[in-house]
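Q: I'd like to ask some things about the structure below.
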């Protein structure tokens, strides 16, 4: 065989390979489309959601909605992509993003309402769409409450993603999607913008441990939804702090924790959720970065964002602000919710890191670390809070609630201005037990309000070392390296017009805090702004350059 023949065969093989994976793009146009068309060109588009629900999509296929169009109904695409050959659901043309809205309709044989539904599918990318699910009126369902029954709406989501007895599902991406105007049930956290669920059959012989490997949310805007912005759940969630697969737990159940992996949130904005904006459950090393959480908890308060039952969660470079604190009793549990902070390392978590964040003007605290001591298997161990700015948060800045263990808080700025009186700078409280072995190092506590102080309750083995306490602070803790000098920030005056007002807390070159921190094992090598740390760190969140 000649070299020319070999080259010709190679080209033919390559063309054959490309053809076998050729992309089919289906176009959907609510104006000129007709369901009798073939849908494969802009000139011959489909019209309805019902028509594209009939398609059996394959790797590299796309469904594109015309920009400026609106569709009503339940969109249930069929099929999965393959690695590096996702099915893409998106937009074409110019103008505003296509709008899909279920208007509260519940599809046949379903118990929840959704606008887009994925079931046991993988390698799917949803992008450049506006998703709504708003109903003017709804039929409530029964909801038991202790000794009586109330009525609430059926669960409703913008996007509902479910895996059931499926093993591992890969690579689900939401890119540049707006999810909004999902009204309804405020009693359950499975109601809201996006809900991801791992379920199983009631027949134990059919059950297969399942998870997601690859849940990516980037550039999305999730707002005005009830109750949560993005949340998930898994039935494979049982464990204790030291248990392993198959171990019998103290509550009589069996360890079956099978976490989701590669869960990433980046460059998203969460605004005006009814309660919580982001809840990440049952995940190994989830990452939340460069996200904005603002004005959440507007109907029933809840911490803006938190991991629950996760290992090695990392929250960094986020801003959380103006979380609303609801002081009134909520209709479904008859008591006010005291969770209304910016960030939360929730219980059943290990080694959570919350770093390089800006938490300010929240209704009930800057950050929470918690564990329910009434749970026989509950824990919260090894949380690290470092290089954050906590500014002008109401009631308290840090709340450590319940029998948490080994929480390390260092190199943060805790600021309470003149308008913030009776704020607990550090608040350790009982939740069926008090925190144990909590350390505070290299922090700057700057307090100008009256009556601000520390309430450590019955917590034990607390260690304060090399912290600065400036202002009118009552009941300062014992601290071997204590300083009460003015840290000399660039400015201690608030700047409501500048979202980068945290730069006020940069240290002046003559600050007494420079090089006065102590080295900490596992200390990162950069500060809040990414500046390198050389030698002993400065106190606070910024390294003087």
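The values are calculated or read from the model by the stated rules, or taken from the named source; none is laboratory data. Because the structure is predicted, anything quoted here is derived from the model rather than measured. Backbone-built Cβ (ideal geometry, glycine too); neighbour counts: all protein chains shown.
Q: Can we say residue 40 is modelled with pLDDT of 95 or more and surrounded by fewer than 16 Cβ atoms within 10 Å (Cβ to Cβ)?
A: yes
Q: Scanning for something modelled with pLDDT of 95 or more and more than 27 Å from residue 241 (Cβ to Cβ), does segment 275-284 turn up at least one residue?
A: Among the residues of segment 275-284, at least one is modelled with pLDDT of 95 or more and more than 27 Å from residue 241 (Cβ to Cβ), which makes the answer yes.
Q: Right, next: Are any of the residues in segment 128-138 in a loop (DSSP other than H, G, I, E, B) and at pLDDT 95 or above?
A: yes
Q: Restricting attention to segment 52-84, which residues are assigned to a strand (DSSP E or B) and either surrounded by 17 or more Cβ atoms within 10 Å (Cβ to Cβ) or over 27 Å from the mean Cα position of the chain (by Cα) (or both)?
A: 56, 62, 63, 64, 65, 66, 70, 71, 72, 75, 78
Q: Still on this structure, I have one more. Can you find, within segment 84-97, the residue that is nearest to residue 193 (Cα to Cα) among those that are touching a strand residue (DSSP E or B) at 6+ places or on another chain (Cβ under 7 Å) and touching a residue at least 60 places away in the same chain (Cβ under 8 Å)?
A: Initial filter on segment 84-97 (touching a strand residue (DSSP E or B) at 6+ places or on another chain (Cβ under 7 Å)): 86-93, 97.
Within this subset, residues satisfying the condition of being touching a residue at least 60 places away in the same chain (Cβ under 8 Å) are 86, 92, 97.
Values: 86: 23, 92: 23, 97: 17 Å.
Among those that are touching a strand residue (DSSP E or B) at 6+ places or on another chain (Cβ under 7 Å) and touching a residue at least 60 places away in the same chain (Cβ under 8 Å), it is 97.
Q: Would you mind finding the one in 409, 377 that is within 17 Å of residue 349 (Cα to Cα), part of a strand (DSSP E or B) and under 27 Å from the mean Cα position of the chain (by Cα)?
A: 409
Q: Quick check, is residue 317 modelled with pLDDT of 85 or more, over 18 Å from residue 541 (Cβ atoms) and either surrounded by fewer than 22 Cβ atoms within 10 Å (Cβ to Cβ) or more than 12 Å from the chain's Cα centre (by Cα) (or both)?
A: Numbers: modelled with pLDDT of 85 or more: yes; over 18 Å from residue 541 (Cβ atoms): no; either surrounded by fewer than 22 Cβ atoms within 10 Å (Cβ to Cβ) or more than 12 Å from the chain's Cα centre (by Cα) (or both): yes.
No.
Q: Given 269, 248, which one is free of Cβ contacts under 8 Å to residues at least 12 places away in the same chain, more than 14 Å from residue 192 (Cα to Cα) and in contact with a strand residue (DSSP E or B) (Cβ under 7 Å, 6 or more places away or on another chain)?
A: So the residue among 269, 248 that is free of Cβ contacts under 8 Å to residues at least 12 places away in the same chain, more than 14 Å from residue 192 (Cα to Cα) and in contact with a strand residue (DSSP E or B) (Cβ under 7 Å, 6 or more places away or on another chain) is 248.
One line per residue, one yes/no per condition, for (1) more than 23 Å from the chain's Cα centre (by Cα); (2) within 24 Å of residue 512 (Cβ to Cβ); (3) in contact (Cβ under 8 Å) with a residue 24 or more places away in the chain:
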position	(1), (2), (3)
391	no, yes, yes
396	no, no, yes
403	yes, no, yes
425	yes, yes, yes
446	yes, yes, yes
465	yes, yes, yes
484	yes, yes, no
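Q: When you look at residue 240, is it under 21 Å from the mean Cα position of the chain (by Cα) and assigned to a loop (DSSP other than H, G, I, E, B), yes or no? Even if it seems obvious, please write down each step before you answer.
A: Working: under 21 Å from the mean Cα position of the chain (by Cα): no; assigned to a loop (DSSP other than H, G, I, E, B): yes.
No, not satisfied.
Q: Now a separate question. Anything in segment 273-293 that is part of a strand (DSSP E or B) and crowded, with 19+ Cβ neighbours inside 10 Å? List them, or say none.
A: Those that are part of a strand (DSSP E or B) and crowded, with 19+ Cβ neighbours inside 10 Å: 273, 278, 279, 280, 281, 283, 288, 293.
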